[in-house]
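Only one structure is covered here, and it is reproduced in the block below.
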């Protein structure tokens with residue numbers, strides 16, 4: 001047994017032996033061989049008893065547009081969640097109740113939010129959330145991971161053959177936003193599948209396995225960036241900023257709802273939850289833990305908090321990766337140029353993905369926010385009416401509650417610091 005520079009241990013090649021029992025595996029984490037963190041073949045229907053939920057959930061965009069959503073939910077019967085037995089039933093119920101809750105709270109925008117979520121929605125939503133280990137607010141696990149179906153069951157997993165199960169206002173841009181994000185998740189599947197290869201290679205001192213796994217991970221991260229580029233094809237920035245974004249907003253760190261939201265029939269004190277956020281995707285958390293990306297305290301605190309918005313087994317996977325022997329220390333100790341290069345390639349691909357994400361956020365949030373401020377200052381909203389309707393409280397913040405651009409740039413810079421010393425010096429020299 002040999003110690004890495006950080007005090008963790010791994011086996012030398014001479015002391016390798018049958019480690020079958022100790023091998024790191026994805027089997028116990030609800031990770032699909034084909035789809036990674038995506039829920040395979042989500043249900044489209046709940047048992048007939050829950051039809052009152054689905055009747056509303058499937059019509060959220062039109063009911064919100066006609067300002068009838070709140071009144072329909074107020075008349076909804078209080079249904080027991082006890083007849084939901086299977087995991088996929090609970091996931092569809094959580095998706096439907098999440099979408100209804102976001103529609104109910106934000107139907108009239110930031111000027112007329114509600115303080116109480118009615119009992120008929122709040123109680124079953126709370127119960128389903130407790131059973132899944134998810135919060136009672138929309139999450140990435142709902143809106144993206146469990147919100148899809150193939151039009152042709154035997155057809156490809158692409159934009160043309162995918163549809164949402166439940167949507168929010170925003171038309172084709174809403175569809176594009178959630179499904180492109182789903183394709184980013186899909187592109188990350190080879191990377192997730194090869195995390196155990198790298199971890200077990202480090203444990204056993206198998207440099208070839210580590211290099212092979214890292215090569216696949218780097219290509220997969222590059223494919224994620226390519227998938228993210230579809231956002232500019234399928235999502236209109238003015239629709240995202242002016243219509244959709246508020247429906248993803250939470251009631252924590254949001255000036256529109258400083259007290260939070262009372263879940264009637266659950267407890268009398270208001271509760272505060274963050275809205276949907278890309279930081280709730282388990283992919284980047286896994287890569288950070290594997291590669292040893294160390295975030296500064298404020299960013300790290302937010303990212304760790306976001307793990308409470310993930311399915312519990314996905315959160316456990318991230319934590320378990322963090323407990324493995326240090327990959328970065330292993331690579332440094334081997335002192336092999338090919339291994340150093342493939343490790344740094346992985347970090348550079350992750351850096352490129354985060355840099356492109358900043359570009360996307362600028363295009364879909366920062367630029368429309370500046371335009372909205374300009375329109376307000378000029379006291380007119382003709383050509384930019386959609387943008388000017390967007391909530392002012394979110395202009396500098398993400399729907400998850402973070403100060404978005406400064407947060408993303410800090411996270412990117414911390415990723416850069418993970419490069420091995422020689423590569424880090426090269427990047428600083430070129431920049």
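The values are calculated or read from the model by the stated rules, or taken from the named source; none is laboratory data. Quick caveat: nothing in here was measured; it's all calculated off a predicted structure. Backbone-built Cβ (ideal geometry, glycine too); neighbour counts: all protein chains shown.
For the range 169-178, taking the residues that are within 17 Å of the chain's Cα centre (by Cα) and buried (at least 21 other Cβ atoms within 10 Å of the Cβ), the one that is farthest from residue 236 (Cα to Cα) is identified as 178. Applying the set (1) within 30 Å of residue 206 (Cα to Cα); (2) out of contact with any strand residue (DSSP E or B) (no Cβ under 9 Å at 6 or more places or on another chain); (3) part of a helix (DSSP H, G or I) to residue 283 leaves exactly one unmet item: (2).
Taking the range 141-156 as the range and being surrounded by 14 or more Cβ atoms within 10 Å (Cβ to Cβ) and touching a strand residue (DSSP E or B) at 6+ places or on another chain (Cβ under 7 Å) as the test, the residues that pass are 148, 149, 150. Please determine whether any residue of the range 121-138 is modelled with pLDDT of 95 or more, out of contact with any strand residue (DSSP E or B) (no Cβ under 7 Å at 6 or more places or on another chain), crowded, with 19+ Cβ neighbours inside 10 Å and on the phi > 0 side of the Ramachandran plot. No - not one qualifying residue is present in the range 121-138. Among the residues that make up the range 234-245, is at least one of them modelled with pLDDT of 95 or more, surrounded by fewer than 18 Cβ atoms within 10 Å (Cβ to Cβ) and within 28 Å of residue 316 (Cβ to Cβ)? Among the residues of the range 234-245, not one is modelled with pLDDT of 95 or more, surrounded by fewer than 18 Cβ atoms within 10 Å (Cβ to Cβ) and within 28 Å of residue 316 (Cβ to Cβ), which makes the answer no. Screening residue 134 with (1) touching a helix residue (DSSP H, G or I) at 6+ places or on another chain (Cβ under 7 Å); (2) over 19 Å from residue 264 (Cβ atoms); (3) in a helix (DSSP H, G or I) gives one miss only, at (3). Looking at the structure I just gave you, is residue 77 farther than 25 Å from residue 162 by Cα, modelled with pLDDT under 95 and surrounded by fewer than 13 Cβ atoms within 10 Å (Cβ to Cβ)? No; evaluated as a whole, the condition is false for this residue.
The criterion of being modelled with pLDDT under 90 and surrounded by fewer than 21 Cβ atoms within 10 Å (Cβ to Cβ) holds for residue 382. Sub-9 Å Cβ pairs linking a first residue in the range 89-115 that is at positive phi to a second residue that is part of a loop (DSSP other than H, G, I, E, B), at least 6 apart or interchain, are 109/256; 109/389; 109/390; 109/391, ordered by first then second residue.
Tell me which helices (runs of 4 or more DSSP H) are completely within the range 176-270 and hold 3 or more residues being over 30 Å from residue 98 (Cα atoms), or say none if there are none.
Hits in the range 176-270: 189-204, 207-228.
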